[in-house]
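One structure below.
The values are calculated or read from the model by the stated rules, or taken from the named source; none is laboratory data. Since the structure is predicted, the reported quantities are computational estimates derived from the model, not experimental observations. A quick note on method: Cβ atoms are made from the backbone with ideal geometry, for glycine too, and the neighbour counts reach across all protein chains shown. For accessibility, only protein heavy atoms count, side chains too; no ligands or nucleic acids. Shrake-Rupley method; radii C 1.70, N 1.55, O 1.52, S 1.80 Å.
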Amino acid sequence: MELSKVTLEIFSKLEQKWLSHCETTKKTRILSIDGGGTTGIVAGASLLHLEQQIRLQTGDSDAHIADFFDIVAGTGIGAILAAMITADDGSGRPLYTAKDAVHIITERNSELYKPKTAGFFSRRRRLSSRSMDNVLKQVFQRKEGGKLLTLKDTCKPLLIPCFDLKSSAPFVFSRADASESPSFNFELWKVCRATTATPSLFKPFDFTSVNGKTSCSAVDGGLVMNNPAAAAVTHVLHNKRDFPTVNGVEDLLVLSLGNGASGGTQARKICDNGECSTSCVVDIVADGVSETIDQMLGNAFCWNHTDYVRIQALGLGRTREEVLKERGLESLAFGGKRLLKESNEERIDSFVQRLVASGKSSLPPSPCKHSAGAVTPLAVAEAR
């Protein structure tokens, strides 16, 4: 007997609803934050709006970004933000809100990137390693006892890359490796210091793991993974212990936050004049890496481009509000980009709808919840 048109429509709607439910509940959520620059305006604006929308759409004023993502990755300034919003307060909850993290980065930016006193004949601009070290230690330190947080002290899996001069290869810090062996567990402030050691501004950063058995001489992770989204995708696809249900990119939902173009017109002009400085080269490499990764992921998600959302600035916006109002860019399969009708703000809003529909992450919390003494955010964050 042939089904009526009304019956078919009912079954079709029920099927779509069921498939939509399956899609949202199965996907593993990845948040990636680019390096580049020292202010993190694009990433900061995106994180603030992301957290605001999560709280608005859930009706939970205490909701954190980490509650709705299964893994967070960051490079450079993006790594500091990523580590802050995933750092465990000692009770399994995030130490900092996005508002806390962005406030601290903004208020203490002059300390993080403090110019180093140079000699009379010095022509190179360098930044003070000691000043940055002091700030990072304060950010990732327990109030009671002064214990410095490590990679294991995060409420969600964390990935942060650098380039190791000793092995002449990229080195990716991860909570998964830190949980397996103390030889791969590093203090969070050192991890962030390693990924921000831009060659033109800082000396290579030498440090060891918590047990002293693994050493590294690190320079800026942006040289090889300024956009760490691909590293995060690869990590999830091959980490069956933490992500057993992921079989391919169709099981992923990725939000990648850029940080604007590092070099811009000035860098290109300098190079055109035949005077390409070290800082200019670093900027070009960082931008090139980010754009290449964006194109690769655009190709990988071409069959369902809504599963991969890239938030980037065109270089026109100089404030957080202007960045959010800019129209979004989307990589096309096999080359090129298109300017979207939706703004960056609207794209984040749509992405949050999917996050909220899929519910909070069910991944296990930090393996170091037993550590003594809860962590308290810095006074500067409390004064926001």
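Hey, what's the Cα Rg ratio for the range 288-362 versus the globular rule of thumb, 2.2 N^0.38 Å? Intermediate values should be presented prior to the final figure.
Values: Rg = 13.3 Å, N = 75, 2.2 N^0.38 = 11.3 Å.
That ratio works out to 1.17.
Ordered from longest to shortest, the equivalent ellipsoid semi-axes for the range 209-260 are 26, 19, 8 Å, each the square root of 5 times a Cα gyration tensor eigenvalue.
Counting Lys and Arg as +1 and Asp and Glu as -1 over every other residue whose Cβ lies under 14 Å from the Cβ of Arg320, the net charge comes to -2.
Note: relative contact order over the range 78-226, using C-alpha pairs below 8 Å and six or more positions apart, is 21 percent. The equivalent ellipsoid of the range 119-259 has semi-axes of 28, 19, 14 Å, largest first, where each one is the square root of 5 times an eigenvalue of the Cα gyration tensor. Within the accessible area of the range 105-243, the carbon and sulfur atoms contribute 51%, probe 1.4 Å, all protein chains present.
May I ask you to rank Trp303, Trp189 by accessible area, largest first, using a 1.4 Å probe over the protein chains only? Kindly include the intermediate steps, with their values, before the conclusion.
Values: Trp303 235, Trp189 20 Å².
The most accessible residue leads, giving Trp303, Trp189.
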